[in-house]
Amino acid sequence: MSGLEIIWPDESSERVRAARGRLEVARHALTAWPFEERLAAVAEVLADWTQADSPWRRELTTSFAEASPFSLGTVSEGLDAALRAWDPARLIDCARRELAPVLESDTLRLAEFGCTSVLAGGALPMPTLLSSLLPLIVGSPVFLRESSKDRVTASLLARSLGARDERLANAFEFLDFPSSDEVALTAFLEAPCVVATGSDETLASVASRLTQQQRFVGYGHRFSIGIVGAAQTTELEKFARGFAVDTARWDQSGCLSPVVIYLVGLPIEDQMRFASACSEALEALAHAMPRGASSPEGMAGAATERAEAAMRAASGGGALFAGQSSTIVLEADSQPRPAPLHRFLRLMPVATLDELDSALSPFRGALSNAAIAGLTEAETVATWRIMSQYCVSRVTRPGRLQTPPVDWPHDGMPLLTPLCRFVQYD
């Protein structure tokens, strides 16, 4: 009988309900904590991750590289760069600024949700870290369902919370169960507030399971772009190095990764120069940040796109720069084409900003961040207007796409107010 293993058919749903019960108990201690003290404690946890010699970041770097397709160099550089940009003081300022109507009011009160279920998605650790910390600030316990691509971050975060304050640790639970487990998923999504990151199809599926009384905060699939103008052609190599870093980070797999760079008004000789510089810069980065493993489907898709780009280039339609660990395709037009990712970058020429506007029209609502360079002051202002029209959440410079500040408006939303309710007493 020693080899007999009994598996309960509803084991996952029982674990979900047990975790919810523990969070209900932990909620009382969390909400009894004065807001400023709770905010300071969460900021201290963030500081534990962002400091230069963070043991939590070191452990996550090693563990995540072992468990993911990314190389150790890519994980190390990506985590260091992203978390260095997360200033705990800026998080504190953001919380006070967003919640000022409540904190400074005699009649408004913050009404936290009894529990926030966080459905993690994607392959990168940073969204999991931030989406798990934010509800704690407003006094809502967090129940995280891990992403299938990241089984490491949640357990390390739980330990780091415990190292700071048991009230935070007790108010954070995480579980892993398959999305096909309907009973467990239904129980998990019974929380009054649900946060989800994933594809648009995933968000639509989650939203369809919730009631109108529940708060739903969804972060869907997005991609980022670059825009290079002709006002500073002597700086093209510098811009290329910045975009190469943006592309190599996380092997171009996140919403902040550039998929295409639009070349506005660049003469053909400068287009070729920029494309060559991008290729050289990406290949140079491969020594410290080797490209990680790709799926068979991803490899096949990239091979197909390279072959088609080579055929277009042979007939005078652009140029192909195929390196050992990256692919740069200089297109002859701005026609939308597939994005194989994994350090595969398209450069698309447009004659004017009006043409850029037209080229972006199929992607309304799908853009996340944009990095711009080489534009005149007037072109920069006009580009900001275009980016606003297409719901871009952040405009920055080459080399900074993957390192937004902690308080950037992800998908155009503030950090904390979507996660809480306000009640007026008059």
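The values are calculated or read from the model by the stated rules, or taken from the named source; none is laboratory data. Predicted, not measured: the structure shown is a model, and the values here were computed from it. Reconstructed Cβ throughout: ideal geometry from the backbone, glycine too, with neighbour counts over all protein chains shown. Note: areas computed on protein heavy atoms with side chains; ligands, DNA, RNA excluded. Shrake-Rupley method; radii C 1.70, N 1.55, O 1.52, S 1.80 Å.
Scanning the stretch 340-372 for residues that are in a helix (DSSP H, G or I), of a type in the set (G, A, S) and surrounded by fewer than 19 Cβ atoms within 10 Å (Cβ to Cβ) yields S358, S361. If you check D251, D270, which single one turns out to be surrounded by 21 or more Cβ atoms within 10 Å (Cβ to Cβ), charged (D, E, K, R) and part of a helix (DSSP H, G or I)? From the options D251, D270, the qualifying one is D251.
Give the residue, chosen from E14, E5, that is modelled with pLDDT under 95, out of contact with any helix residue (DSSP H, G or I) (no Cβ under 6 Å at 6 or more places or on another chain), open to solvent by 70 Å² or more (accessible area, probe 1.4 Å) and part of a loop (DSSP other than H, G, I, E, B). Sole residue among the options that is modelled with pLDDT under 95, out of contact with any helix residue (DSSP H, G or I) (no Cβ under 6 Å at 6 or more places or on another chain), open to solvent by 70 Å² or more (accessible area, probe 1.4 Å) and part of a loop (DSSP other than H, G, I, E, B): E5.
Among the residues of the stretch 53-66, is any within 30 Å of Q252 (Cβ to Cβ) and at pLDDT below 95? Yes, because at least one residue in the stretch 53-66 is within 30 Å of Q252 (Cβ to Cβ) and at pLDDT below 95.
For F239, state whether it is over 17 Å from the mean Cα position of the chain (by Cα), assigned to a helix (DSSP H, G or I) and crowded, with 17+ Cβ neighbours inside 10 Å. Yes; evaluated as a whole, the condition is true for this residue. Can you spot a residue in the stretch 25-33 that is in a loop (DSSP other than H, G, I, E, B), surrounded by fewer than 20 Cβ atoms within 10 Å (Cβ to Cβ), more than 29 Å from the chain's Cα centre (by Cα) and among the β-branched types (V, I, T)? Scanning the stretch 25-33, I find no residue that is in a loop (DSSP other than H, G, I, E, B), surrounded by fewer than 20 Cβ atoms within 10 Å (Cβ to Cβ), more than 29 Å from the chain's Cα centre (by Cα) and among the β-branched types (V, I, T), so the answer is no.
Restricting the stretch 324-339 to residues that are open to solvent by 30 Å² or more (accessible area, probe 1.4 Å) and not acidic (D, E) leaves a set whose member that is nearest to the chain's Cα centre (by Cα) is A339.
Applying the condition of being without any contact (Cβ under 8 Å) to a residue 40 or more places away in the chain and open to solvent by less than 40 Å² (accessible area, probe 1.4 Å) to the stretch 51-73 and asking which residue is nearest to S148 (Cα to Cα) yields A65.
Identify all residues within the stretch 19-52 that are among the small types (G, A, S) and modelled with pLDDT of 95 or more; write none if there are none. Selection gives A19, G21, A26, A29, A32, A40, A41, A43, A47.
Pull up the stretch 172-185, narrow it to residues that are at pLDDT below 95 and open to solvent by 30 Å² or more (accessible area, probe 1.4 Å), then point me to the one that is nearest to L130 (Cα to Cα). The extreme case among them is D176. Scanning the stretch 288-308 for residues that are of a type in the set (A, V, I, L, M, F, W, C) and in a helix (DSSP H, G or I) returns M299, A300, A302, A303, A307.
One residue is enough: does the stretch 168-179 have a residue meeting the conditions under 28 Å from T62 (Cα atoms) and of a type in the set (D, E)? Checking the stretch 168-179: at least one residue is under 28 Å from T62 (Cα atoms) and of a type in the set (D, E). For G226, are the conditions met, namely being modelled with pLDDT of 95 or more, in a helix (DSSP H, G or I) and open to solvent by less than 40 Å² (accessible area, probe 1.4 Å)? When the stated conditions are applied, G226 does not pass them.
Looking only at residues in the stretch 107-126 that are assigned to a loop (DSSP other than H, G, I, E, B), under 18 Å from the mean Cα position of the chain (by Cα) and of a type in the set (A, V, I, L, M, F, W, C), the one that is surrounded by the fewest Cβ atoms within 10 Å (Cβ to Cβ) is A123.
Taken together, the criteria place A154 among residues that are under 22 Å from the mean Cα position of the chain (by Cα) and either within 15 Å of T31 (Cα to Cα) or at pLDDT 95 or above (or both). Considering only residues in the stretch 74-106 that are assigned to a loop (DSSP other than H, G, I, E, B) and modelled with pLDDT under 95, the one that is surrounded by the fewest Cβ atoms within 10 Å (Cβ to Cβ) turns out to be D106.
Scanning the stretch 127-171 for residues that are among the small types (G, A, S) and either open to solvent by 20 Å² or more (accessible area, probe 1.4 Å) or over 23 Å from H221 (Cα atoms) (or both) turns up S131, G139, S140, S148, S155, A158, S160, G162, A163, A169, A171.
Can you name the residue in the stretch 373-387 that is touching a residue at least 12 places away in the same chain (Cβ under 8 Å) and in a helix (DSSP H, G or I) and is also most open to solvent (accessible area, probe 1.4 Å) among such residues? Looking at residues that are touching a residue at least 12 places away in the same chain (Cβ under 8 Å) and in a helix (DSSP H, G or I), I get E379.
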